[in-house]
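Take a look at the structure below.
The values are calculated or read from the model by the stated rules, or taken from the named source; none is laboratory data. As the structure is a prediction and not an experimental result, all values here were calculated from the model. Here the Cβ positions follow ideal geometry from the backbone for every residue, glycine too, while neighbour counts run over all protein chains shown. Note: areas computed on protein heavy atoms with side chains; ligands, DNA, RNA excluded. Shrake-Rupley method; radii C 1.70, N 1.55, O 1.52, S 1.80 Å.
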Amino acid sequence: MALSLPAIALAQEADDATLLEAIVVTAGGYEQTIKEAPASISVIGQDDLKKKAVADLSEAIRTVPGVNVGFGSNGTRGISMRGLGSSYTLILIDGKRVNAGATTLRQYNGDLNWVPLDAIERIEVVRGPMSTLYGSDAMGGVVNIITKKASNRWTGSLTSEALLPASAATGKTHRLGGYVSGPVLKDLISFSAYGNISRRQADNPAYSNDIEVPRGTQDFDLTGRLTLTPTDDQTIKLELGHAREKYNPFLAPGDVDPETSIERTTASLGHEGQWEIGKSTTNLYFEDATNTTKTTGID
């Protein structure tokens, strides 16, 4: 088969190209190739997320070897590794801890839904003890969600999803997620934001034979980030976020219907510098999570 000159040139470039190894940051706290990382680590990239057509973080990492995703005895969905409970798996967003789950009682799944898939660049999953670097809540492993970096041109995406179960016993789910990024002042200030709105209807207890069923959730989250690059070697990031999830515990027919919600507010200020002796990263971050339960109908 004959090839045109442009095709020959492209083939030559493909032959000469070098496939770069994946760079990870979670295993050591700094950038290194996945081969040099001092831990068993898996990376799920954008292409993997698109191919799998997953709905949330738990589905994205379900097929990673050594990772179990399921519901605990309190009805909360979590991620567990190496035989340890989900409380020993630390979840990070861009290296910052997500601690909202520590304030909840039952049926809380927000820690797996704070970041829409549209905003994720990759997910790094470290299997095995990382308590030396991250503390005792990382004895099972670490899941680090790396969000997309600010773009030098305006770009964005919007994804709508509906899950319609075949059985009338299970509630429907509707979800809308989006991401936008672009320059405010070229080569100096850029802005990015991502958000998510979702609603899961309650299951029908009439089909449960008096067994407790989920009563549905309503989720909302929005995060914005300003990135300042005064020089090529210095980067400053300011990030603010707010999220709310309304969720109700499992209830059997005739039980009191409480109103339960959690609100999470985050703020962070970070600096990355490239110096002659190496690279430095400094992050200050704040998280406030409030869990509220209102019960009505009690005499």
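Taking amide H positions as placed 1.01 Å from N in the peptide plane, with prolines and chain starts having none, which residues 5 or more places from residue 121, or on another chain, fall under 5 Å of its amide H?
Residues meeting the criterion, in which the H sits 1.01 Å from N, are 146, 147, 148.
Can you tell me the FRET efficiency between residue 228 and residue 201 if r is taken as the Cβ-Cβ distance and R0 is 41 Å, rounded to the nearest 0.05?
0.45
HN-Hα J couplings of the stretch 227-237 from phi, Karplus 6.51/-1.76/1.60, θ = phi - 60°, integer Hz, Gly and Pro as x?
10, 10, 10, x, 9, 5, 9, 10, 9, 10, 10
Which ³J(HN,Hα) values in Hz, rounded to whole numbers, follow from the phi angles of the stretch 185-202 under the Karplus curve 6.51 cos²θ - 1.76 cosθ + 1.60, where θ = phi - 60° and Gly and Pro get x?
10, 3, 6, 10, 10, 10, 10, 9, 8, 9, x, 8, 10, 8, 9, 10, 6, 5
In what sequence, highest mean first, do 166-176, 193-203 appear when ranked by Cβ atoms within 10 angstrom?
In decreasing order of mean packing, 166-176, 193-203 become 193-203, 166-176.
Would you grab the residues whose amide H sits under 5 Å from the one on residue 170? Only those 5+ places off in sequence or on another chain, please, with H modelled 1.01 Å from N.
Here the answer is 204, since their amide H atoms fall under 5 Å of that of residue 170.
Once fully extended, how much extra length lies between residue 279 and residue 186, figured as 0.36 nm per residue of separation less the alpha-carbon to alpha-carbon distance?
31.1 nm
Go through the stretch 83-91 residue by residue and turn each phi into a ³J(HN,Hα) via Karplus (6.51, -1.76, 1.60, θ = phi - 60°); whole Hz please, and just put x for glycine and proline.
x, 8, x, 5, 5, 9, 10, 8, 9
FRET efficiency for residue 286 and residue 244, Cβ-Cβ distance as r, R0 = 22 Å, nearest 0.05?
After rounding to 0.05, the efficiency reads 0.80.
Highest mean first, what order results for 266-275, 132-141, 285-294 on Cβ atoms within 10 Å?
Ranking, from highest mean packing down: 132-141, 266-275, 285-294.
Report in % the part of the accessible area of the stretch 119-159 that belongs to carbon and sulfur, leaving out ligands and nucleic acids; probe 1.4 Å.
Summing carbon and sulfur atoms, their accessible area is 54 percent of the total for the stretch 119-159.
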